Structures are given as C-alpha cells and as structure tokens.
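Below you'll find the structure, written out as structure tokens, and then a few comments.
The values are calculated or read from the model by the stated rules, or taken from the named source; none is laboratory data. Because the structure is predicted, anything quoted here is derived from the model rather than measured. No Cβ is skipped: glycine too gets one built from the backbone with ideal geometry, and neighbour counts run over all protein chains shown.
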Amino acid sequence: MPTFGAWERTVLEHAYDDVDLISCHAYYEPHDGDLASFLASGVDMGRFVETVAQIADEVGAARDSQRRIDISFDEWNVWYLSRHNESGRITGIDNWPVAPRLLEDSYAVGDAVAFGGLLIALLNHADRVASASLAQLVNVIAPIMTEPGGPAWRQTTFHPFALTSRLARGTALRALVEAPTMPTAAHGEVSVLDAAATTSEAGTSVFLINRSLDTSLTVELEVDALDLTGGVEARGIWDDDRGARNTLLEPERVGVRANRTVARDGGVVRLELPAASWTAVTIGMR
C-alpha cells in the first residue's frame with residue numbers, strides 16, 4: 001500500500017509507550033498462473049515482518065526507549081481475492097440471503113505447499129512475531145469445510161497447519177540454508193529451499209519447502225550439534241497433480257504422504273524432496 005511504512009511509523013511515534021504489538025496482515029494467491037512466485041510467498045512475508053520490526057526499532061531508538069514492540073500477524077492465509085464472486089454480496093434491501101456461501105475457496109496441492117512456506121516464514125521470525133492467527137478456520141478461506149446437513153472435511157491446507165501446530169515445539173532454531181536459487185517474477189531471485197526448525201526435550205522438527213516446479217532436491221540436514229537420539233521420520237504434501245483438492249465427493253483425495261527416502265547417518269539426515277513440496281521431518285520425537 002502507498003502508506004506502508006509511513007503508517008506504522010506514525011502510529012508508533014504516537015503510541016510506542018502504550019502498545020506491546022503492532023499488527024501485520026497478508027494474504028497470498030498466484031497471479032496469472034505464476035506458481036513459482038506463489039511458492040515463494042514466504043519470502044515476501046519474511047521481508048514484511050523484518051521491515052515492520054525495523055521501523056519499530058527505529059522509533060524506539062529515536063525515543064531512547066528500552067521497550068521493544070513485537071508483531072501480531074493477526075491475519076494471514078491463502079486467499080483468492082481476484083476471483084471473489086461479487087454476486088455473493090447483498091445488492092439490495094429485497095435481497096437478504098440466509099447464511100449465503102461467501103469466500104469459500106477450494107484449496108489445491110499448490111496452495112498447501114505455499115501455505116507451508118508461510119508457516120516456515122512465521123517460525124523463522126518467532127523472535128519478533130509474538131502472535132499469528134490464521135484467517136479463517138471454517139468454510140470462509142478455511143482449512144476445514146462443511147456442508148449444511150452433511151459432513152465436514154479437511155482441505156489441503158489443513159495438513160501443513162495441523163502438522164506444524166503439533167510438531168513445532170520448544171525453541172525455534174535459526175536454520176542456515178545453502179541451496180541453489182531460482183528467479184521469480186514477483187520476488188526476484190529466491191532460494192529453491194527454505195527451512196525452519198524447532199527443538200525441545202521431545203526431539204527436533206525441521207520444516208522444508210522445495211519451490212522448484214520441476215526438479216526434486218536432495219537435502220542434507222546437519223544435526224550433529226543437537227545430540228539427538230531416536231528415529232527419523234518425514235511426511236508432507238506433494239502430488240503429480242498440483243491442482244488436486246479435497247471435495248465433498250472426494251474428501252480424502254489429498255493427504256499427508258510419507259517420504260520414504262529419509263535416512264540418518266550419524267549427525268546427518270538425508271532425504272529427497274519432490275518438486276513443489278512441503279515436508280516436516282522429525283528426529284528423535286517421542
């Protein structure tokens with residue numbers, strides 16, 4: 001937005017001593033079929049957080065304040081704003097529908113992979129993002145869909161959200177990623193691989209996205225310094241049909257898949273990431 005940066009700075013100059021968090025909102029969708037840029041949406045989210053945090057720190061430094069303003073990322077999701085059906089709006093006093101279907105996006109595999117990349121970005125900025133709220137939870141741009149008088153089912157985006165919510169525990173680690181890069185129209189040159197990691201007494205979880213649209217990626221995770229015992233497991237979201245989705249008629253078409261290439265050799269975990277995939281690796285988890 002034209003006011004981005006100036007708005008945050010002005011608000012904080014007036015309210016710095018009275019607030020703990022400043023809000024961020026962001027929604028992502030592919031534009032003109034540009035899946036490569038879409039899968040790199042987490043890059044944009046990370047830059048967004050870093051910019052707002054920098055502005056907050058600049059205002060604090062100018063005030064010689066010892067307080068730190070963190071971020072509440074209180075609206076985020078994949079949202080197909082460009083295809084919102086205008087006919088779903090109330091258009092006159094004689095048109096008052098009861099519980100109309102509004103903003104019910106149907107999410108495909110590609111959406112779930114991009115969604116997982118957003119989760120990685122949030123974890124990698126856990127030092128400044130104190131709160132993050134997925135918008136919304138049921139039916140409206142949501143990971144869970146329902147049918148009036150019928151069943152509920154999980155959309156593709158449910159799976160990275162559920163896995164990350166369950167596995168990301170303890171302390172967020174700074175993952176140092178060395179990987180090839182790829183060009184994107186929206187975000188410039190980005191790393192093909194992105195990663196986030198957390199560790200606790202129960203073990204370590206590593207979350208990975210392969211943004212390449214046509215090439216699998218052999219990944220080595222160097223975890224020797226974590227002194228982990230126990231087994232290793234990998235599972236995630238990918239499909240030869242990136243447009244595949246779960247529906248009322250096929251509620252289980254897309255689910256979490258086991259990555260059977262994962263293996264551990266001492267302090268190194270190796271696995272093959274399919275093209276356009278999101279994966280959660282657990283090491284030593286009980």
Subset tally (residues that are more than 15 Å from the chain's Cα centre (by Cα) and over 15 Å from ASP194 (Cα atoms)) for segment 156-182: 3
Going through ILE120, ILE141 one at a time, which residue ends up being at positive phi and in contact (Cβ under 8 Å) with a residue 40 or more places away in the chain? ILE141
Hey, could you check segment 188-209 for residues that are at pLDDT 95 or above and surrounded by fewer than 18 Cβ atoms within 10 Å (Cβ to Cβ) and say which is nearest to the chain's Cα centre (by Cα)? SER191
THR261: passes all of (1) surrounded by 14 or more Cβ atoms within 10 Å (Cβ to Cβ); (2) under 21 Å from ASP111 (Cβ atoms); (3) of a type outside the set (A, V, I, L, M, F, W, C); (4) over 18 Å from the mean Cα position of the chain (by Cα) but (2)
How many of the residues in segment 272-286 are in a strand (DSSP E or B) and either more than 13 Å from GLY231 (Cβ to Cβ) or of a type in the set (A, V, I, L, M, F, W, C) (or both)? 8
In segment 226-238, anything in contact with a strand residue (DSSP E or B) (Cβ under 8 Å, 6 or more places away or on another chain), in a loop (DSSP other than H, G, I, E, B) and either acidic (Asp, Glu) or buried (at least 17 other Cβ atoms within 10 Å of the Cβ) (or both) is listed as LEU228, TRP238
Answer yes if at least one residue in segment 53-66 is in contact with an Asp or Glu (Cβ under 7 Å, 6 or more places away or on another chain) and within 14 Å of ARG128 (Cβ to Cβ), and no otherwise. yes
Cβ-Cβ below 7 Å, separation at least six or inter-chain, first residue in segment 201-213 and on the phi > 0 side of the Ramachandran plot, second outside any loop (DSSP other than H, G, I, E, B) and hydrophobic (A, V, I, L, M, F, W, C): which pairs? GLY203/ILE283
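Within segment 4-25, track down each residue that is outside any helix (DSSP H, G or I) and either in contact with a helix residue (DSSP H, G or I) (Cβ under 7 Å, 6 or more places away or on another chain) or among the basic types (Lys, Arg) (or both).
We begin by selecting, within segment 4-25, every residue outside any helix (DSSP H, G or I); these are 4-5, 16-25.
Residues satisfying the conditions are GLY5, TYR16, ILE22, CYS24.
Listed residues VAL269, VAL254, VAL177; which is part of a strand (DSSP E or B) and either within 24 Å of MET45 (Cβ to Cβ) or touching a residue at least 40 places away in the same chain (Cβ under 8 Å) (or both)?
VAL269
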Would you confirm whether any residue within segment 151-162 is part of a strand (DSSP E or B), surrounded by 13 or more Cβ atoms within 10 Å (Cβ to Cβ) and either among the basic types (Lys, Arg) or in contact (Cβ under 8 Å) with a residue 24 or more places away in the chain (or both)? yes
Given the conditions (1) of a type in the set (S, T, N, Q); (2) touching a residue at least 40 places away in the same chain (Cβ under 8 Å); (3) farther than 25 Å from TRP238 by Cα, which single one is not true for SER41? (3)
